[in-house]
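Beneath this line is the structure, given in C-alpha cells, with notes to follow.
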Amino acid sequence: MQTEAAMTAVNAPSRTSGRIFGAVFGLVLLIGGVYAGSHLLDDLAIVHDHSAGPFILLGIALLIALGFEFVNGFHDTANAVATVIYTHSMPANLAVIWSGVFNFLGVLTSTGAVAFTVVSLLPVELILQVGSNAGFAMVFALLLAAILWNLGTWYFGLPNSSSHTLIGSIIGVGLANQLTSSGTGASGVDWSAAMGVFKGLVFSPIAGFLLAGLLMYLLKLLVKIPALYKAPQGNQPPPWPIRLLLILTCTGVSYSHGSNDGQKGMGLIMLILIGTVPTAYALNGAVSSGEVKTFHQVSVETSRALGQIGGSVAMGGDPRAVVQAAVQHKALQPTTIPALATLIAQIDLQVGDRPSLKDVPQEQMGNVRNDIYLANTALPMVLSKPGLSDEQTKALTTWRGLATKATQFIPPWVKVAVALALGLGTMVGWKRIVVTVGEKIGKEHLTYAQGASAELIAMSLIQAADMYHLPVSTTHVLTSGVAGTMAANGSGLQWSTVRNLLMAWVLTLPASILLAGMLFIVLKHLF
C-alpha cells in the first residue's frame with residue numbers, strides 16, 4: 001500500500017547518507033557553536049562584575065531560550081521540508097540540512113524588526129526592569145510555557161504554531177502582571193498592538209487556504225502536465241523539472257521561515273542579555289561616532305520641537321516617571337510633552353559628547369538604554385497629535401530612527417545560535433509533522449502540484465508579513481495552504497485531522513495564556 005511505502009520512505013533513510021549528513025551537520029554545529037561561544041565571551045570580557053550569579057543565570061536563560069527555538073524546529077521548520085521529503089524530491093537528511101542552511105541565511109539577513117514587534121507587546125515596566133526579579137520571572141514564564149505547549153502538540157503530531165504560543169504567553173504574562181500588581185499602576189497587555197499582531201496571525205492562514213486553492217485551480221486549468229498532479233509512487237522521486245520546482249519552493253519557505261519565525265526567540269534572547277549583562281548589550285556598540293554626533297544634533301532639534309508643541313506648560317517632578325506613566329496608560333497628559341523634552345535633553349547629555357556608545361560609562365548603560373526606550377515608545381503618541389509642522393514631524397521621526405538603531409539590535413552570534421537550534425530541532429522532530437502534512441490533511445495523498453502551490457503561497461505570505469514587521473505562523477500558513485489545494489483539487493479533507501488541527505490552534509492561545517500567567521505568578525514569588 002502507498003501509505004506503508006510512504007511511511008517506510010520517511011522513516012528509513014539510507015544509513016550511509018544518514019551518517020554523511022549527520023557528520024556534516026555535526027561539523028556545522030561545532031563551528032557555529034564555537035563562533036557563537038567565542039563572540040559571547042568577547043562581549044562579556046568588558047563586564048567587570050566578578051560575581052558568578054549573573055553569568056549562571058545568563059547561561060540557564062540562554063539554554064531555555066535556545067530550547068524554545070529547538071522545539072520551534074519540531075513544528076515550523078518541519079513544515080518547510082514536509083513536501084520535499086514526502087514526495088521523495090530530496091533524501092530526508094539532505095532536505096533537513098538544506099532547509100537548515102536557508103533558515104540560517106533567513107535568520108542572518110533578517111532585520112530583527114519582527115523580534116522587537118513581539119517584544120513590544122510586553123508590559124513596559126517589565127521591559128524597563130528586565131534585570132529585576134519580575135523581569136526574569138517574565139522571561140522564564142514566557143519560554144517555559146511556549147516550550148511545554150509546543151512539546152505537547154508535537155507529541156501528538158499536530159502542526160502547532162510557535163507564534164501563537166509565544167503571543168499567548170506574552171498576553172498571559174501581561175494579564176498576570178496587571179492582576180498581581182493591582183493598585184501600583186502596572187500595565188498589562190497593549191491590546192492595540194496585540195490586535196495588529198492578531199490580524200496578521202488570523203488573516204494569513206485564511207489567505208493561505210484561498211490563494212493556494214486558487215493557484216491549484218489555475219494550474220489545473222492552464223498547465224497540462226499529468227505527472228504534476230500525481231501523488232508519490234513508492235520511493236520514486238518525481239521527474240526532474242517537478243523535483244526542481246519542489247526544491248525551490250522548499251528553499252523559499254525555509255528562507256522565509258528563518259527571516260520571520262526565527263526572529264521571535266531572538267527578541268527574548270536580547271531581553272535576557274540586557275537583563276543579565278547590560279554593560280555588554282544595553283546599547284548598540286556598532287553605532288558609529290558620526291551617528292552619535294548626528295544623534296546629538298537631532299536630540300537638540302527634537303527637544304526644541306517638543307518645547308514648541310508642549311507650549312508654556314511647566315513640567316514638575318521626575319521626567320522619566322511622568323513619561324512612563326503616560327506610556328503605561330497610553331495617553332498624553334499636559335505635562336507629558338515637557339517631560340519628554342527634558343528626558344531627551346538628559347539622554348543627550350549622557351550620550352551626545354561620547355565618541356561612540358561603547359564609551360558610555362558601564363554603570364550608566366542600563367539607565368541610558370531604558371531612557372531611550374521609554375522616549376522612543378512615547379514619541380508615537382506625540383506624532384499622532386494633529387497640527388504638527390513638517391519640521392517637527394521630521395525631527396521626531398528622525399530621533400526615533402536613531403534611537404531604534406541604538407537599542408534594537410541583534411548581534412550576529414545570536415542569529416547563528418538561533419539558526420543552529422532551529423536546524424537541530426528539525427533534524428530530531430520532523431517525521432511526525434511530515435506524515436501529518438503529507439497524508440492526514442486530505443483524503444488523498446499530497447500531489448506534487450499541491451505541495452508546490454502550498455509552499456509558493458506560504459513563502460509569499462511570510463515575505464509580505466516581513467515587510468510589515470508582523471509575525472506569522474509558517475505552520476498555519478502552510479497547512480491551510482495544503483488544505484486549500486485539497487479542496488480545489490476535489491480531494492476532500494480528512495475532517496478528523498482538520499478538527500484536531502483547529503482544536504490545537506484554537507486551544508493554543510488560552511492554554512499558553514493560562515500556562516504563562518501561572519508560571520509568572522509562581523516564578524515572581526520564587527525569584
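Please give the length that would be gained between Ile206 and Arg304 if that part of the chain were fully extended, namely 0.36 nm times their separation in residues minus their C-alpha to C-alpha distance (nm, one decimal). Walk me through the intermediate numbers first.
Details: separation 98, 0.36 × 98 = 35.28 nm, distance 4.74 nm.
Difference between extended and current length: 30.5 nm.
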- Calculate the dipole size of segment 213-314 relative to its Cα centre from +1 charges on Lys and Arg beta carbons and -1 charges on Asp and Glu beta carbons; express the result in debye to the nearest 20. 540 debye
- So for segment 310-387, what are the equivalent ellipsoid semi-axes in whole Å, largest first, each being the square root of 5 times an eigenvalue of the Cα gyration tensor? 24, 12, 12
- Task: Would you work out which of Thr180, Gln129, Gly67 lies farthest towards the positive end of the dipole of the chain, given +1 charges on the beta-carbon of Lys and Arg and -1 on that of Asp and Glu, about the Cα centre?
- Result: Gly67
- Message: With angles folded into 0 to 90 degrees, how steeply does helix 240-260 sit against the dominant principal axis of the chain? Use alpha carbons for both and round to 10.
- Response: 20 degrees
- Could you state the principal axis extents of the C-alpha atoms in segment 276-414, from the largest down, to the nearest angstrom? 44, 29, 25
- Query: When the chain is fully extended, how far beyond the present Cα-Cα distance does Leu29 get from Ala286, taking 0.36 nm per residue of separation?
  - Reply: 89.9 nm
- Where only C-alpha atoms are counted, convex hull volume of the chain per residue in Å³: 154 Å³
- Message: For segment 451-472 and segment 296-336, what is the centre-to-centre distance using only Cα atoms, to the nearest Å?
- Response: 40 Å
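Segment 61-143: D in µm²/s via Stokes-Einstein (Kirkwood Rh, Cα pairs, 20 °C, 1.002 mPa s)? Provide the component values of the computation, followed by the final result.
Numbers: Rh = 15.1 Å.
After rounding, the answer is 142 µm²/s.
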- Query: Is the shape of segment 206-343 best called rounded, prolate or oblate, per the rule: a/c under 1.5 gives rounded, else a/b larger than b/c gives prolate, else oblate, with a ≥ b ≥ c the square roots of the Cα gyration tensor eigenvalues?
  - Reply: prolate
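State the number of lysine pairs found in segment 267-397 whose Cα atoms come within less than 22 Å, restricting to pairs 8 or more positions apart or on distinct chains.
On the way: Lys293/Lys358; Lys293/Lys394; Lys330/Lys385; Lys385/Lys394.
Lysine pairs, 8 or more places apart or on different chains, close enough: 4.
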- What is the Å³ per residue value for the convex hull set by the Cα atoms of segment 93-252? 170 Å³
- For the pair Gln178 and Ile56, the simple spin-label estimate (label points 7 Å beyond Cα toward Cβ) gives in nm 3.7 nm
- Note on the structure: So for R0 = 25 Å, FRET eff. of Thr397-Ala314 from the Cβ-Cβ r, to 0.05, ends up at 0.40
- Taking the Cα-to-Cβ direction at Thr111 and at Leu221 and moving 7 Å from each Cα, how far apart do the two end points lie in nm? 3.5 nm
- Send over a whole-number figure in Å² for the accessible area per residue of segment 125-270, probe 1.4 Å. 39 Å²
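Quick one: dipole size for the chain, taken about the Cα centre, charges +1 on Lys/Arg Cβ and -1 on Asp/Glu Cβ, in debye to the nearest 20. Before the final figure, lay out each step's value.
Numbers: 26 positive and 23 negative charges, 256 e Å.
Charge dipole, the chain, about its Cα centre: 1240 debye, nearest 20.
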- Item | Nearest-ten-degree value, helix 53-72 long axis tilted from longest Cα axis of the chain | 30 degrees
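The values are calculated or read from the model by the stated rules, or taken from the named source; none is laboratory data. The structure presented is a predicted model; accordingly, all values stated were derived computationally and were not measured. Counting neighbours? That spans all protein chains shown, and the Cβs are built from the backbone with ideal geometry, glycine included. With ligands, DNA and RNA removed, areas are computed over all heavy atoms of the protein, side chains included. Shrake-Rupley method; radii C 1.70, N 1.55, O 1.52, S 1.80 Å.
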